[in-house]
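Below is one structure, written out as structure tokens; the observations come after it.
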Amino acid sequence: MGFRKILVGLLLAAAAPALAAGARDVAPPKASFTGATANLAPNDPPGQWTRQARDYANTRYSPLTQINKTNVGKLRVAWTFSDGQMYGHEGAPLVVGDTMYLVTPYPNIAYALDLSKTGAPIKWVFQPNPDPRAIGEACCDKVLRGWAYADGKLIYNLLDDHTVAVDAATGKEVWRTLLDDVTKGPTMTQAAFVVGSKVFVGSSGGELGTNGWFAALDVKDGHVIWKALTNGPDSTMLIGPDFKPYYSWMRGKDLGVSTWPDEMWKQGASAPWGWVSYDPDLNQIYYGTSNPGPRTPSQRPGLNLWSSAVFARDADTGAAKWAYQFTPHDEWDYDGVNENVLIEIPWKGARRKVMVHFNRNGFAYTIDRATGEVLVAEPFGLQNWASRIDLATGMPVVNAAAHPIVEKKVENICPPDIGVKNWNPSAFSPRTGLLYAGVFNSCMDLTNHVVKYIPGAPYDGMEMQRHAGPGGNWGEFIAWDPVKGKRVWAVKETSMSGAVRWSPVRTWFSMAPWMAGSVPWMRAPARCCGRRSWDRASRPRP
């Protein structure tokens, strides 16, 4: 759900050199409050940010400590950068040495900015000139969710189904690999994810009647090492004898075909356009898949595997190890593409390697990432489509009133299609053992329509009207205990137009003390043009 605005890159810097000189490091507690920890490999030097989540585990945790609650109020805008593109901006800048790397939404222009000089002037610009036909195929804005730096290259996806590598020093193209046919509906908006000599990428196009796929390319020359479909026969999905889902209903031959009517799996969507994680000890890659297609569930009876699910695969071969479907026969477009944060937790007297996943369906899952067993599944925000997740079976217990009906409006289904939390990623702090996320408080009135498949055209059928949930707020910022499966604290957004304390529907910068949840100050660029505005009546003083 990217904002359609001009990107304004903001670098926040101290108002005076004295701030940096007087800043004190804040020592973390000896142990986190929950006992949860994370492997922050590859442990890049502090200040370096070479991938979207910084580490393989997707924690988005920075070890820098110079900015803290005693001096954060003195930060000021040092410079801004506008790329002139009007589509949504959903990727984070990378910093390598004294260079910042940015890539725009379509037409996916890359910029290198020199941080060693005042105003961060442009070092180079790379224009890949993707096929303009991709504009008409992208379902949900012409975005790009990130890029990666590896082996002296800036690597990212183009909307027209290419992955490209650019020399990070010169801005010259090194290689470009075509992975799909954009005229048939698939596009690429996912953030490329690099581990060692491989870059992992996946398709988008869950509303265009595509069949999703996930692939590993060679960082050196871009050739395809392996590629796995997300629906279809086991052979095309790289499912073999090593595939061992924890729950029995996901075991069997060619379930990517038999859980769909006729041959609808061929247009079953399940595109893995979200985030990727990696466990170096297990050598496993983790990623989620999108909604099934079409979004009208009565047209596709069955579990619709492997939509709205998470996969664990061997990073070298692509062989599937296990999978888990969060929302079987997804009727509400809840997907499974949100980030999987890899941590270790104390569990029944032992340490367990787990992933934490805030699903759009409103449940936060703590899953054993070696086996796929769901240890914890509890609501982290407003939802009424299911009463609970049955931990014995891994299946949701769906409320009958939440089922969509063709050509009839079903009111007040919570959450709406964008979920309690959309693609906007959460973060984990090893200081506290808590996860932090911006969440929505919203619902929808839903009407379904029967649709027909036309190659390259929308294959949707879902009509929704979103509205705020009860309580007079549109969203919150929460701290989550992944062991107990409960909120530790929450800060509410009070309105869409007045002063706010937290807003998952705005753009802003703030600092909330990691345990108490109070917000000492916040400031934001205006959503349109980068003008500074205050989101708190009592703004900080210099």
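The values are calculated or read from the model by the stated rules, or taken from the named source; none is laboratory data. The structure displayed is predicted, hence computed values, not measured ones. Cβ: placed from backbone, ideal geometry, glycine included. Neighbour counts: every protein chain shown.
Quickly run through region 228-248 and pick out the residues that are surrounded by fewer than 16 Cβ atoms within 10 Å (Cβ to Cβ) and either touching a helix residue (DSSP H, G or I) at 6+ places or on another chain (Cβ under 9 Å) or without any contact (Cβ under 8 Å) to a residue 60 or more places away in the chain (or both). Within region 228-248, PRO233, SER235, GLY240, PRO241, SER248 qualify.
Among all positions in region 267-279, there is at least one residue which is in contact (Cβ under 8 Å) with a residue 12 or more places away in the chain, over 30 Å from LEU154 (Cβ atoms) and either crowded, with 20+ Cβ neighbours inside 10 Å or among the charged types (D, E, K, R) (or both). A single member of LYS421, LYS452 is surrounded by fewer than 21 Cβ atoms within 10 Å (Cβ to Cβ) and among the charged types (D, E, K, R), and it is LYS452. Only residues that are under 20 Å from PHE193 (Cβ atoms) and either in contact (Cβ under 8 Å) with a residue 24 or more places away in the chain or in contact with a Lys or Arg (Cβ under 8 Å, 6 or more places away or on another chain) (or both) were counted across region 131-159, and they come to 16. Checking the stated criteria, GLY274 turns out to be under 25 Å from ASN424 (Cβ atoms) and either part of a helix (DSSP H, G or I) or not hydroxyl-bearing (Ser, Thr, Tyr) (or both). Scanning region 354-374 for residues being part of a loop (DSSP other than H, G, I, E, B) and either under 15 Å from the mean Cα position of the chain (by Cα) or not hydroxyl-bearing (Ser, Thr, Tyr) (or both) gives a total of 8. The strands (runs of 3 or more DSSP E) located wholly in region 75-119 that include 2 or more residues which are over 18 Å from THR170 (Cα atoms) and among the hydrophobic types (A, V, I, L, M, F, W, C) occupy 75-82. SER290: in contact with a Pro (Cβ under 8 Å, 6 or more places away or on another chain), free of Cβ contacts under 8 Å to residues at least 40 places away in the same chain and of a type in the set (Ser, Thr, Tyr), yes or no? Taking the combined requirement at face value, the residue does not satisfy it. Quickly run through region 462-473 and pick out the residues that are under 21 Å from ARG300 (Cα atoms) and under 23 Å from the mean Cα position of the chain (by Cα). Selection gives MET462, MET464. Residues that are of a type in the set (D, E, K, R) and at pLDDT below 95 were ranked within region 48-82; the one that is surrounded by the fewest Cβ atoms within 10 Å (Cβ to Cβ) is ARG76. When we screen LYS198, LYS184, LYS220 for residues that are touching a residue at least 40 places away in the same chain (Cβ under 8 Å), among the basic types (Lys, Arg) and closer than 27 Å to ALA457 by Cβ, the only hit is LYS184.
Residues of region 118-140 being surrounded by fewer than 20 Cβ atoms within 10 Å (Cβ to Cβ) and touching a helix residue (DSSP H, G or I) at 6+ places or on another chain (Cβ under 8 Å), which ones? Residues satisfying the conditions are ASP131, ARG133.
Here PRO455 clears all of (1) in contact with a strand residue (DSSP E or B) (Cβ under 9 Å, 6 or more places away or on another chain); (2) outside any strand (DSSP E or B) except the condition numbered (1). Reported count of residues in region 385-397, each being on the phi < 0 side of the Ramachandran plot, under 26 Å from the mean Cα position of the chain (by Cα) and touching a residue at least 40 places away in the same chain (Cβ under 8 Å), is 3. Here VAL341 meets the list (1) farther than 20 Å from THR236 by Cβ; (2) touching a helix residue (DSSP H, G or I) at 6+ places or on another chain (Cβ under 7 Å); (3) surrounded by 24 or more Cβ atoms within 10 Å (Cβ to Cβ) almost entirely, failing just condition (2). Here THR371 clears all of (1) under 26 Å from ALA400 (Cβ atoms); (2) surrounded by fewer than 19 Cβ atoms within 10 Å (Cβ to Cβ) except the condition numbered (1). Within region 141-189, the set of residues being touching a strand residue (DSSP E or B) at 6+ places or on another chain (Cβ under 8 Å), surrounded by fewer than 19 Cβ atoms within 10 Å (Cβ to Cβ) and either under 18 Å from THR210 (Cβ atoms) or of a type in the set (Phe, Trp, Tyr) (or both) comprises TRP175, LEU178. Among all positions in region 38-47, there is no residue which is surrounded by 18 or more Cβ atoms within 10 Å (Cβ to Cβ), of a type in the set (A, V, I, L, M), in contact with a helix residue (DSSP H, G or I) (Cβ under 9 Å, 6 or more places away or on another chain) and not in a helix (DSSP H, G or I). Within region 433-461, the set of residues being at pLDDT 95 or above and within 24 Å of the chain's Cα centre (by Cα) comprises GLY433, LEU434, LEU435, TYR436, ALA437, GLY438, VAL439, PHE440, ASN441, SER442, CYS443, MET444.
The set of residues from region 458-475 being assigned to a loop (DSSP other than H, G, I, E, B) and not acidic (Asp, Glu) comprises PRO458, TYR459, GLY461, GLY469, PRO470, GLY471, GLY472, ASN473, TRP474. Surrounded by 21 or more Cβ atoms within 10 Å (Cβ to Cβ), touching a Phe, Trp or Tyr at 6+ places or on another chain (Cβ under 6 Å) and at pLDDT 95 or above, is that true of GLY362? Here the answer is no, as GLY362 does not meet what is asked. Tallying residues that are more than 22 Å from GLN52 (Cα to Cα) and either touching a helix residue (DSSP H, G or I) at 6+ places or on another chain (Cβ under 9 Å) or of a type in the set (Val, Ile, Thr) (or both) within region 171-198 yields 5.
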